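Colleague: Here you go, one structure.
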Amino acid sequence: MCRDCGCSLGPAAARAPFAAQPATKGHIESIEVITAILDANDRIAAHNRTHFDGHGVLAVNLMSSPGSGKTSLLEATIRALQGELRLAVIEGDLATENDAARIRACGVPAVQITTGNACHLDAQMVHDALQDLPLDGLDVLFVENVGNLVCPASFDLGVHRNLTLLSVPEGDDKPAKYPVMFRGADLALITKVDLLPHIEEFSVERARDSLRQVGFRGDIIELTRRGGPGFEAWLGWLRGEVTARRAAAA
Amino acid sequence: MHELAVCQALIEQVERVARDNAARRILSITVSVGPLSGIEAKLLEHAYPLAAAGTVAEEARLVVVTVPVRVRCRSCRAETEAASNRLLCGSCNDWHVDVIAGEEMLLQRVEIETADEPVH
């Protein structure tokens, strides 16, 4: 079902139609409300966070364009941390189960959310996925959001950390073009840096400047999933977050 | 285009206001939206009739107030407007700034019509 192009209105369509009222003049009142429009989503997100905290699980949301290497990064991370940390993945995708199948092939539980044509995950979708994913004994739950640099930025999922990936082939001006997405991230990963010798238009310095200018204040790690110091730095960041989460839960 | 999902959340809130206040129709809905919320005012206006159809807000006017991004500089304390992809102090160009406006996505006000004049 499409939630966003209007081909089917989802929950709204199920409501009883509002009966038209006669055009007589009633009493008119102006009521000040002042609530966040996504208040309902934010409340479910807080509920999800309570779930994660109750199980001492670090929840991490990965966001980026399609094809910037989210699933590949997860595969490499799972292999590197085998026997050290217990991981699971919630995969968001429009139509296929491909990504969840790739994760399961690495020996880690994965739940696929197929969003239809919806362009983002919201807190309710993550909550629904949690019904199929036991959190007991887990250290890290990754949520791989729908590949999209716009819509996912507006919806709190209840995770502890938001990551945004920027791959070298995309160009170093992506933060300037999609400021809301990059500003909201806690960590930025510049991926596919092994392609830098072939893509001379990409300047890591310009990408870093662009991130600073949109108000991003987190760490920036340059890496390739094939290993090396950047990949080790990413694993180090993750280990540090897990330790901090355990300390907070204790 | 996530604005329809946002509109649906908006309509649910407005329906609650209508119920709590025994409204028989909604005349107008005022929201304030900053560029850093990730919502485009124009797309919100396009999506709104789809979400409002068949609800108490079907005939309501949507008023979108766009709030410019404003930053306060930690170095020179100036408060200036900024572009959403250039959050720098407009006075001294420093990037050590705090955003003080432009992130909001708020339902501000609902104008309703109740059935009768209130009884005093």
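Colleague: Please go through segment A:77-105 and give me each residue that is surrounded by fewer than 20 Cβ atoms within 10 Å (Cβ to Cβ), of a type in the set (A, V, I, L, M, F, W, C) and over 15 Å from A:Arg239 (Cα atoms), ordered by number.
Modeller: Of everything in segment A:77-105, those that are surrounded by fewer than 20 Cβ atoms within 10 Å (Cβ to Cβ), of a type in the set (A, V, I, L, M, F, W, C) and over 15 Å from A:Arg239 (Cα atoms) turn out to be A:Leu94, A:Ala95, A:Ala101, A:Ala105.
Colleague: Determine if segment A:202-219 includes at least one residue that is among the small types (Gly, Ala, Ser), surrounded by 18 or more Cβ atoms within 10 Å (Cβ to Cβ) and facing chain B (nearest Cβ under 9 Å).
Modeller: yes
Colleague: Name the residues in segment A:217-243 that are closer than 27 Å to B:Ser37 by Cβ and in a helix (DSSP H, G or I), would you?
Modeller: Scanning segment A:217-243 gives a single hit, A:Glu241.
Colleague: Sticking with this one: Does segment A:238-246 include one or more residues that are touching a His at 6+ places or on another chain (Cβ under 7 Å) and buried (at least 16 other Cβ atoms within 10 Å of the Cβ)?
Modeller: yes
Colleague: If you go through segment A:124-148, how many residues are out of contact with any strand residue (DSSP E or B) (no Cβ under 7 Å at 6 or more places or on another chain) and either free of Cβ contacts under 8 Å to residues at least 40 places away in the same chain or hydroxyl-bearing (Ser, Thr, Tyr) (or both)?
Modeller: Of the residues in that region, 3 qualify.
Colleague: Now for a different question. Is one or more of the residues making up segment A:43-61 more than 14 Å from the chain's Cα centre (by Cα), surrounded by 15 or more Cβ atoms within 10 Å (Cβ to Cβ), in a helix (DSSP H, G or I) and within 14 Å of chain B (Cβ to nearest Cβ)?
Modeller: yes
Colleague: A further question follows. Under 7 Å between Cβ atoms, at least 6 apart or on separate chains: pull out the pairs that start in segment A:102-123 with a residue that is on the phi < 0 side of the Ramachandran plot and more than 14 Å from chain B (Cβ to nearest Cβ) and end on any residue that is crowded, with 20+ Cβ neighbours inside 10 Å and in a loop (DSSP other than H, G, I, E, B).
Modeller: Short answer, once both residue conditions are applied: A:Ile113/A:Leu121.
Colleague: Checking A:Ile113 against (1) modelled with pLDDT of 95 or more; (2) of a type in the set (A, V, I, L, M, F, W, C); (3) crowded, with 17+ Cβ neighbours inside 10 Å, which test does it fail?
Modeller: For A:Ile113, the failing item is (1).
Colleague: Continuing with this model, one more query. Given (1) of a type in the set (D, E, K, R); (2) surrounded by fewer than 16 Cβ atoms within 10 Å (Cβ to Cβ); (3) touching a Leu at 6+ places or on another chain (Cβ under 7 Å), where does B:Arg77 come up short, assuming only one miss?
Modeller: The single condition B:Arg77 does not satisfy is (3).
Colleague: When you scan segment B:12-120 for strands (runs of 3 or more DSSP E) that lie fully inside it, which ones turn up with 1 or more residues that are more than 7 Å from chain A (Cβ to nearest Cβ)?
Modeller: By residue number, B:23-33, B:61-66, B:70-73, B:79-81, B:97-101.
Colleague: Consider A:Leu157 carefully, then state whether it is under 12 Å from the mean Cα position of the chain (by Cα), at pLDDT 95 or above and more than 14 Å from every other protein chain (Cβ to nearest Cβ).
Modeller: The answer is no for A:Leu157.
The values are calculated or read from the model by the stated rules, or taken from the named source; none is laboratory data. Treat the numbers as computed from the prediction; the structure is a model and nothing was measured. Positions of Cβ are backbone-derived with ideal geometry, glycine not excepted, and every protein chain shown enters the neighbour counts.
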